[in-house]
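Remarks on the structure that follows.
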Amino acid sequence: MLLATVPTFSRVRITGPGPTGRSDDGSPAIGDVVTVWTRRVSDENPFALVELRGVVHGRRGLVWLPEDAEVEVVEPPRYAGRPEDLVTQARPVKAPEGSKGVMKTAEGWPELIWQSDIVFSPVQGWDDPEIAVEVLLCALAVAPDDDPQLRPMLLAALAARYARLQRDPRTYPVARYPWRNRTAPGPDMLEYLRG
């Protein structure tokens, strides 16, 4: 299976370099297990043959692989738990300097939030709260613990989006949300995560 077709927040084993055979210094090796963290993004090289996806690789952090890298899914996306349980872990977080004003900059953002639009958007509160909560539940399930800012920001964002979701009784039919009855996203969210 190609990396391009795998939902974000899946854990995958790299089985081949893909047809383009592109590899960068520090890229994971065949057999390594990584977590898919970003959607497809354009390479900085305008003559690149394929788009890239960011993956989290152990102590190397976020690295970029070509979308045509061959992988096998080790673990599909899952939820970190129920939002009402996770928000009790949330603590106040100071807004990053780069979040102030009209122009957003990387200043103060953890790299794994800044570099991934699928994570950045719900943290900022730009997504529909239903989608934001589900994305954040998936991100929290696989977020590495080695960044002291990452989990606190994800938890604070989850608390804020979940509170917003609960405020409107018309959009909060408790039985409707997938995290009530499942431990992993359904087909619609998996399609969204493929981006």
Consider segment 56-81. How many of its residues are assigned to a loop (DSSP other than H, G, I, E, B) and in contact with a helix residue (DSSP H, G or I) (Cβ under 6 Å, 6 or more places away or on another chain)? 6
Taking Val12 as the residue in question, decide whether it is assigned to a strand (DSSP E or B), closer than 22 Å to Leu150 by Cα, modelled with pLDDT of 95 or more and open to solvent by less than 80 Å² (accessible area, probe 1.4 Å). yes
Val135 out of contact with any Leu (no Cβ under 7 Å at 6 or more places or on another chain) and either hydroxyl-bearing (Ser, Thr, Tyr) or over 16 Å from Leu158 (Cα atoms) (or both): no
By my count, helices (runs of 4 or more DSSP H) wholly in segment 112-195 with at least 3 residues that are under 18 Å from Ala90 (Cβ atoms), open to solvent by 40 Å² or more (accessible area, probe 1.4 Å) and at pLDDT 90 or above are 150-167
Scan segment 66-95 for residues that are without any contact (Cβ under 8 Å) to a residue 40 or more places away in the chain and either among the aliphatic types (A, V, I, L, M) or over 29 Å from Glu191 (Cβ atoms) (or both) and jot them down. Thr88, Lys94, Ala95
If you check Val87, Val93, Val102, which single one turns out to be in contact with a Pro (Cβ under 8 Å, 6 or more places away or on another chain) and either among the small types (Gly, Ala, Ser) or more than 19 Å from Thr8 (Cα to Cα) (or both)? Val93
Just wondering, is there one or more residues in segment 77-97 that are of a type in the set (Gly, Ala, Ser), modelled with pLDDT under 90 and closer than 23 Å to Gln149 by Cβ? yes
With respect to the numbered conditions (1) in a helix (DSSP H, G or I); (2) farther than 23 Å from Glu134 by Cβ, which one is the sole condition not fulfilled by Gly108? (1)
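The values are calculated or read from the model by the stated rules, or taken from the named source; none is laboratory data. Every value quoted in this text rests on a predicted model; they were computed, and no experiment measured them. Neighbour counts run over all protein chains shown; Cβ positions are idealised from the backbone, glycine included. Accessible surface areas use protein heavy atoms only, side chains included; no ligands, DNA or RNA. Shrake-Rupley method; radii C 1.70, N 1.55, O 1.52, S 1.80 Å.
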